[in-house]
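Single-structure report; data block below.
Nothing in this text is a laboratory measurement; each read-out follows from the coordinates by a stated rule. Please read all numbers here as calculations on a predicted model, not as lab measurements. Neighbour counts are summed over all protein chains in view; Cβ atoms, including those assigned to glycine, are modelled from backbone coordinates with ideal geometry.
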């Protein structure tokens, strides 16, 4: 939103001198306090000089650069054109009135995009390690059931799924860095593949199909899950993301 400041040559502390357009006037005997605006200004001390040479500089909060302040007869002046240039504002002349239209500081100070920290955040890393442990326990449970010939009940699989879903939700909530966001889909894909392996086991058990003790050793899906788990563990050890093809 633009703000307009009406500048008159009779103001004291922040008076604006216009020698180039012939609008400067002699200062009056009584001093008037400068009107407050939404943009604060501060003066910086400079090299002491004599006459009308600049002794101080004016800076406006929210804008880059500075404008020289002239001391004349004990009073401080800033050239109007210098102030307009400093704030990248516009000047409008209407009769004996001069209108200085200020531009918002946001135009000059573009907000920097927040930079995400490299590597994994501590919370994400801890939650991911726990998630990998849940997946490993689920997978080993299936392998032990096949090797021992002891069937697992459906309730066991349902409980494992609930635990894994809850754990993955905690991983998602802990994401903050760029590497966190890149690694999360791999953890999610690993869980999906494990669910497929569980479904395959339940289907074979339902159909009373024979499952050799070492049948999962050559199972492509099981080997993919194992490879993905190893890749995720290596990422956690290195504390940085590295894509793992087996997790896709």
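Computed extension gain for residue 230 through residue 209, at 0.36 nm per residue and net of the alpha carbon distance, reaches 4.5 nm.
When N counts the residues of the range 67-199, how does its alpha-carbon radius of gyration compare numerically with 2.2 N^0.38 Å, as a ratio? Walk me through the intermediate numbers first.
Working: Rg = 32.2 Å, N = 133, 2.2 N^0.38 = 14.1 Å.
Ratio of Cα Rg to 2.2 N^0.38 Å: 2.28.
Stretching the chain fully between residue 172 and residue 85 yields a gain of 26.4 nm (0.36 nm per residue, less the alpha carbon separation). Listed by Cβ neighbour count within 10 Å, with the fewest neighbours leading, 120, 93, 157 appear as 93, 157, 120.
In terms of its Cα atoms, the range 157-248 spans 47, 26, 18 Å along the principal axes, sorted from long to short. Set the Förster radius R0 to 45 Å, insert the Cβ-Cβ distance between residue 155 and residue 240 as r into 1/(1 + (r/R0)^6), and round the FRET efficiency to 0.05. Once rounded, the FRET efficiency stands at 0.70.
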